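The values are calculated or read from the model by the stated rules, or taken from the named source; none is laboratory data. These figures come from a predicted structure and were not determined experimentally. Neighbour counts run over all protein chains shown; Cβ positions are idealised from the backbone, glycine included.
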């Protein structure tokens with residue numbers, strides 16, 4: 001079998017952790033990482049950056065536990081070659097525009113773009129000004145996996161036939177080799193939300209969701225300011241320029257909208273979403289509010305209750321969502337979720353439901369009937385950097401590689 005080489009564009013949080021994930025698996029034999037610029041005074045600066053992490057600890061512990069010893073050394077400074085955990089990792093330090101990155105020269109078939117900059121799949125591949133996700137295809141890649149949701153700027157255009165949004169464990173099997181060349185792995189919050197929504201929408205009792213809303217209490221990201229800073233020209237969200245060190249910051253999220261291409265039934269649900277950014281480094285929490293038209297049992301009790309919803313999640317976690325969804329009856333805090341491998345962990349003790357009777361007037365008559373409606377609040381944890389998101393994107397990337 002020919003050697004498989006994975007390309008990774010950008011060495012930020014997700015790029016670095018993508019390397020970590022695949023060093024721990026056998027889907028790829030070697031790696032080419034594009035930094036697009038020089039880093040530090042020598043290649044050793046890159047090696048030190050890749051093997052240490054303030055949130056997750058050393059790479060050696062991630063790969064081997066407490067007793068493992070990590071090989072991480074510079075092999076060739078000029079060629080940018082490192083040897084990490086027995087595998088070659090080449091660092092490219094010159095080109096920033098995807099079309100100019102020489103993936104073909106290194107035998108790279110699949111590229112994971114972790115820059116967060118190239119979200120529009122309709123932008124021409126040869127865009128010279130800002131670059132394009134398609135540019136990686138000009139450079140030799142056969143498939144590009146994007147670590148953010150696609151966003152088409154020109155609203156008159158639709159999603160191209162060769163682009164698709166996939167979440168591992170939800171719809172990843174919809175990947176079509178030879179057709180799909182650009183794959184969005186959605187976002188961390190969309191991934192967590194998808195694994196919360198799927199069991200509810202697949203169950204007879206809860207599939208008739210009338211409306212829903214989501215709030216995410218989200219850890220800080222590098223798009224925010226450490227200290228208050230001056231907004232850029234035409235900046236819309238002024239709060240993101242305020243210090244994340246000591247503020248709760250209200251902002252937006254496109255998680256609900258991004259979920260529609262992955263789970264089309266979401267389009268029929270009135271769904272709202274927002275986000276609160278807080279001063280923690282990772283591990284976030286989705287607060288899902290959902291309203292269902294429910295039924296009453298023979299004793300006049302609602303059929304949708306806390307126990308019923310938790311049971312729905314337990315059955316999913318033991319069946320189709322095994323290893324992707326967990327249900328916890330412990331009293332967790334966010335730091336307990338750092339490095340947690342599940343896409344979502346349901347905080348089952350905090351699942352709440354309330355059922356009320358809504359009077360509805362029958363058309364053309366003076367008669368009214370009472371419709372039972374149940375409102376549910378469900379909490380789901382997710383490690384927005386490594387455990388929930390990067391691991392799912394890594395599984396998706398490995399799955400795509402197997403299709404060649």
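Observations on the model:
- For segment 222-269, filtering for residues that are closer than 24 Å to residue 334 by Cα, surrounded by fewer than 19 Cβ atoms within 10 Å (Cβ to Cβ) and under 18 Å from the mean Cα position of the chain (by Cα) leaves 5.
- Boolean, residue 342 is in the same structural domain as residue 369 (by TED's automatic domain parsing), crowded, with 21+ Cβ neighbours inside 10 Å and either touching a helix residue (DSSP H, G or I) at 6+ places or on another chain (Cβ under 6 Å) or assigned to a loop (DSSP other than H, G, I, E, B) (or both): yes
- Looking only at residues in segment 301-312 that are farther than 15 Å from residue 290 by Cα and at pLDDT 95 or above, the one that is nearest to the chain's Cα centre (by Cα) is 311.
- In summary, residue 16 fulfils each of the numbered conditions (1) surrounded by fewer than 19 Cβ atoms within 10 Å (Cβ to Cβ); (2) closer than 15 Å to residue 91 by Cα with the single exception of condition (1).
- Residue in segment 137-148 that is under 30 Å from residue 314 (Cβ atoms) and modelled with pLDDT of 95 or more present: no
- Residue tally, condition surrounded by fewer than 19 Cβ atoms within 10 Å (Cβ to Cβ) and either in a loop (DSSP other than H, G, I, E, B) or without any contact (Cβ under 8 Å) to a residue 40 or more places away in the chain (or both), over segment 98-118: 7
- Apart from one condition, residue 54 fits all of (1) in contact (Cβ under 8 Å) with a residue 40 or more places away in the chain; (2) assigned to a loop (DSSP other than H, G, I, E, B); (3) closer than 21 Å to residue 97 by Cα; the exception is (3).
- Check on residue 224, modelled with pLDDT under 95 and either more than 27 Å from residue 170 (Cβ to Cβ) or in contact with a strand residue (DSSP E or B) (Cβ under 7 Å, 6 or more places away or on another chain) (or both): yes
- Of the strands (runs of 3 or more DSSP E) lying entirely inside segment 170-256, the ones with 2 or more residues being outside the structural domain of residue 269 (by TED's automatic domain parsing) are found at 182-184.
- Scanning segment 33-49 for residues that are in contact with a strand residue (DSSP E or B) (Cβ under 7 Å, 6 or more places away or on another chain) and either outside the structural domain of residue 10 (by TED's automatic domain parsing) or under 16 Å from residue 77 (Cβ atoms) (or both) yields a total of 6.
- Annotation: residue 267 fulfils all but one of (1) out of contact with any strand residue (DSSP E or B) (no Cβ under 9 Å at 6 or more places or on another chain); (2) farther than 21 Å from residue 202 by Cβ; (3) not in a loop (DSSP other than H, G, I, E, B); the unmet one is (2).
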